[in-house]
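In what follows, a single structure is set out as structure tokens and then discussed.
The values are calculated or read from the model by the stated rules, or taken from the named source; none is laboratory data. What you see is a predicted model, and the numbers here were worked out from it, not measured in a lab. Glycine gets a Cβ as well: all are built from the backbone with ideal geometry, and neighbour counts include every protein chain shown.
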Amino acid sequence: MAVTSYWEGGYSCRIVARDKFELRADEPPDEGGADTGPRPTELLLAALASCFTMALAYVARKRGVELPRDLAVTAVGEYAGPRFRRMRVEASCSLPPAHLERLVRDAVPYCWVSNTIKGAPELEFAAAESLSEAVSEAASQKFCPK
């Protein structure tokens with residue numbers, strides 16, 4: 001699995017996933033950006049919130065529980081210098097609190113993003129010899145079975 005980010009000037013980046021989806025990332029004007037998209041850290045929180053939403057849907061489906069359309073998952077990051085010191089994921093909806101709490105607890109193992117963050121994966125940085133090599137190598141790596 002690979003995602004490629006293309007610099008578009010300033011702090012703006014165009015992000016391509018699966019040669020089909022495009023996202024944009026940038027910084028707000030008070031941090032030198034043009035505010036053309038969310039910050040990268042907001043995208044990290046978005047990945048966490050959306051993955052946990054899907055994990056909740058997975059657990060609910062396995063149990064035959066119909067999730068209400070008002071299900072919302074919020075991910076909050078607390079900065080400590082150039083990283084998050086703490087992250088919190090909170091689900092809310094109109095299910096009875098005890099039912100939602102059980103779904104939340106049971107969905108945790110199915111959230112690949114939180115599992116990755118908690119597992120502190122090996123992180124490597126490298127300069128590719130050429131642009132085409134970098135794109136083709138990233139596309140051919142299969143770290144994730146999905």
By residue number, the members of the range 53-77 that are under 16 Å from the mean Cα position of the chain (by Cα), surrounded by 16 or more Cβ atoms within 10 Å (Cβ to Cβ) and within 17 Å of Ser94 (Cα to Cα) are Thr53, Leu56, Val73
Answer yes if at least one residue in the range 42-64 is more than 22 Å from Arg14 (Cβ to Cβ), outside any helix (DSSP H, G or I) and touching a Ser or Thr at 6+ places or on another chain (Cβ under 7 Å), and no otherwise. no
Inside the range 19-48, the number of residues satisfying the requirement of being in contact with a helix residue (DSSP H, G or I) (Cβ under 9 Å, 6 or more places away or on another chain) and of a type in the set (A, V, I, L, M, F, W, C) is 5
(Q) Scan the range 36-51 and tell me whether some residue there is within 14 Å of the chain's Cα centre (by Cα) and more than 19 Å from Thr116 (Cα to Cα). (A) yes
Examine the range 58-70 for a residue that is hydroxyl-bearing (Ser, Thr, Tyr), at pLDDT 95 or above and touching a strand residue (DSSP E or B) at 6+ places or on another chain (Cβ under 6 Å), and state whether such a residue exists. no
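Please specify each residue of the range 14-38 satisfying the condition of being surrounded by 12 or more Cβ atoms within 10 Å (Cβ to Cβ) and in a strand (DSSP E or B).
Answer for the range 14-38, where residues must be surrounded by 12 or more Cβ atoms within 10 Å (Cβ to Cβ) and in a strand (DSSP E or B): Arg14, Ile15, Val16, Ala17, Leu23, Arg24, Ala25.
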With criteria (1) outside any loop (DSSP other than H, G, I, E, B); (2) touching a residue at least 12 places away in the same chain (Cβ under 8 Å); (3) out of contact with any Gly (no Cβ under 7 Å at 6 or more places or on another chain); (4) surrounded by fewer than 16 Cβ atoms within 10 Å (Cβ to Cβ), Arg85 comes up short on (2)
Across the range 95-120, the tally of residues that are hydrophobic (A, V, I, L, M, F, W, C) and outside any helix (DSSP H, G or I) stands at 3
Cβ pairs under 7 Å, 6+ apart or interchain, first in the range 25-47 and closer than 19 Å to Tyr6 by Cβ, second among the charged types (D, E, K, R) and in a strand (DSSP E or B), ordered by first then second residue, are Thr36/Arg24; Gly37/Arg24
Exercise for the section: Report yes if Val108 is over 26 Å from Glu22 (Cα atoms) and β-branched (Val, Ile, Thr), otherwise no. Expected result: yes
Within the range 1-13, the residues that are assigned to a strand (DSSP E or B) and over 19 Å from the mean Cα position of the chain (by Cα) are Trp7
